[in-house]
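The values are calculated or read from the model by the stated rules, or taken from the named source; none is laboratory data. Not measured: the values here are computed from a predicted model. Reconstructed Cβ throughout: ideal geometry from the backbone, glycine too, with neighbour counts over all protein chains shown. The area values use the complete protein model at the heavy-atom level, side chains included, leaving out ligands, DNA and RNA. Shrake-Rupley method; radii C 1.70, N 1.55, O 1.52, S 1.80 Å.
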Amino acid sequence: MSTKNRGKRPSWDEYFLNIARTVSTRSTCPRRSVGAVLVRERQILSTGYNGAPRGLRHCTDVGCLMRDGHCVRASHAEMNAIAQAAFHGVPVADSILYATDKPCLICSKLLINSGITRIVYVHDYPDQISDQMLQDAGIELIQFKK
């Protein structure tokens with residue numbers, strides 16, 4: 001067994017965030033590339049990236065559908081990770097979300113209702129209402145800094 005990488009292994013948070021970064025490369029909305037990974041007991045349950053709902057045309061194919069400065073064609077990565085788990089009958093209660101970006105308000109409410117217990121993210125998304133709701137729900141919110 002090689003000892004070359006001994007001591008250089010990433011932490012679990014860093015490991016799953018690296019996977020979320022890779023997932024984000026599948027994004028089909030050019031406005032933002034976000035990746036999300038749902039994990040329970042160090043096992044990946046589901047992944048998601050921002051893009052159009054299943055079977056619909058993607059922003060990269062037909063352009064963004066804008067409303068109030070936001071693309072409404074694409075579903076958010078967190079939504080897609082939860083939907084992917086539901087599609088395959090995988091429960092996500094008591095899991096951790098690893099994401100490239102902090103969830104928006106709508107995704108935060110969905111994560112609360114899905115039973116997510118912890119959120120680890122890299123890039124901030126300023127939303128005080130979302131922060132307060134996650135705190136009130138007892139969800140641990142951690143910005144990962146290496």
For this session: Please work out which one of (1) modelled with pLDDT of 95 or more; (2) over 21 Å from Leu111 (Cα atoms); (3) not hydrophobic (A, V, I, L, M, F, W, C) is the condition Lys4 fails and give its number.
Result: (1)
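Within the stretch 10-20, identify whether any single residue is over 19 Å from Val120 (Cα atoms), modelled with pLDDT of 95 or more and not hydrophobic (A, V, I, L, M, F, W, C), and answer yes or no.
So in the stretch 10-20, the residues over 19 Å from Val120 (Cα atoms) come out as none.
Among the residues of the stretch 10-20, not one is over 19 Å from Val120 (Cα atoms), modelled with pLDDT of 95 or more and not hydrophobic (A, V, I, L, M, F, W, C), which makes the answer no.
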For this session: State the number of residues belonging to the stretch 41-74 that are surrounded by fewer than 17 Cβ atoms within 10 Å (Cβ to Cβ) and in a strand (DSSP E or B).
Result: 5
Exercise. Hey, any hits in the stretch 62-69 for a residue that's touching an Asp or Glu at 6+ places or on another chain (Cβ under 7 Å) and among the small types (Gly, Ala, Ser)?
Worked result: no
For this session: Could you please find all residues in the stretch 22-40 being in contact with a strand residue (DSSP E or B) (Cβ under 8 Å, 6 or more places away or on another chain), open to solvent by 80 Å² or more (accessible area, probe 1.4 Å) and either under 28 Å from Arg67 (Cβ atoms) or part of a loop (DSSP other than H, G, I, E, B) (or both)?
Result: Thr25, Arg26, Arg31, Arg32
For this session: Could you pull out the residue among Val72, Val34 that is touching a Phe, Trp or Tyr at 6+ places or on another chain (Cβ under 9 Å) and closer than 24 Å to Asn113 by Cβ?
Result: Val34
Exercise. Does at least one position in the stretch 49-61 carry a residue that is touching a helix residue (DSSP H, G or I) at 6+ places or on another chain (Cβ under 8 Å), over 18 Å from Thr28 (Cβ atoms) and of a type in the set (Phe, Trp, Tyr)?
Worked result: no
Exercise. When you scan the stretch 83-146 for strands (runs of 3 or more DSSP E) that lie fully inside it, which ones turn up with 3 or more residues that are under 13 Å from the mean Cα position of the chain (by Cα) and surrounded by 17 or more Cβ atoms within 10 Å (Cβ to Cβ)?
Worked result: 96-101, 118-123
